[in-house]
Amino acid sequence: MELPNIPYSVSHRNVRYPRLEFRTGELLLVLPFGYKADALLDKHRSWILKKTRFIKECLRDTSSKKLVKRSEKEFKDIVYHFIKGVSKEFGEELNRVYFRKMKTKWASCSVKRNLTINRLMRYLPEYLLKYVIFHEIAHLKEKRHNDKFWKRISNKFNNYRELEKDLFVYWFQVADRFGVPFFG
């Protein structure tokens with residue numbers, strides 16, 4: 001089955017289950033050997049179309065967002081300030097905080113209570129830094145992105161859907177400027 005104006009490629013791999021990825025802005029079908037693409041495309045057609053519209057909208061919105069210029073020290077000071085506040089709010093302590101360049105996410109919080117911050121967050125406005133840190137520390141209370149997690153997020157950030165979109169918009173700018181792939 002063809003999807004109009006939606007480029008995609010197929011990669012057959014030694015995987016058990018087929019999956020769809022938008023890692024580079026182009027749809028990639030990762031399929032087990034012998035699996036036909038048509039069934040997967042047909043089954044997830046509405047999701048593919050919705051995701052494609054979302055990506056195009058985010059790309060259009062990049063001109064309205066500007067990357068922030070701040071030093072590494074300023075960035076880390078802001079991050080540690082937000083971590084202190086959010087940790088206190090949740091009554092949760094982190095083990096360690098790491099800063100490194102990440103290719104597929106803004107941040108992550110491990111089961112060992114380590115928070116890893118993407119160094120590229122340095123270019124985000126403060127409201128998104130605060131949101132990402134809150135989002136990751138919330139994972140200490142709720143591991144998965146389930147209804148309970150999003151309820152907890154919406155109690156503090158009732159506009160979280162808009163913030164999530166802003167993160168995608170900014171990712172396109174960071175990807176363009178620093179040569180990192182799109183994730184989706």
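The values are calculated or read from the model by the stated rules, or taken from the named source; none is laboratory data. Note that the structure is predicted; figures quoted are calculated from it, not measured. Neighbour counts are summed over all protein chains in view; Cβ atoms, including those assigned to glycine, are modelled from backbone coordinates with ideal geometry.
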Condition broken by residue 115, with the remaining ones in (1) within 15 Å of residue 170 (Cβ to Cβ); (2) at pLDDT 95 or above satisfied:
(1)
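Determine whether residue 152 is over 15 Å from the mean Cα position of the chain (by Cα) and surrounded by 14 or more Cβ atoms within 10 Å (Cβ to Cβ).
yes
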Can residue 102 be described as in contact with a strand residue (DSSP E or B) (Cβ under 8 Å, 6 or more places away or on another chain) and either assigned to a loop (DSSP other than H, G, I, E, B) or among the small types (Gly, Ala, Ser) (or both)?
yes
Being outside the structural domain of residue 28 (by TED's automatic domain parsing) and either in a helix (DSSP H, G or I) or touching a residue at least 60 places away in the same chain (Cβ under 8 Å) (or both) is true for just one of 144, 122. Which residue is that?
122
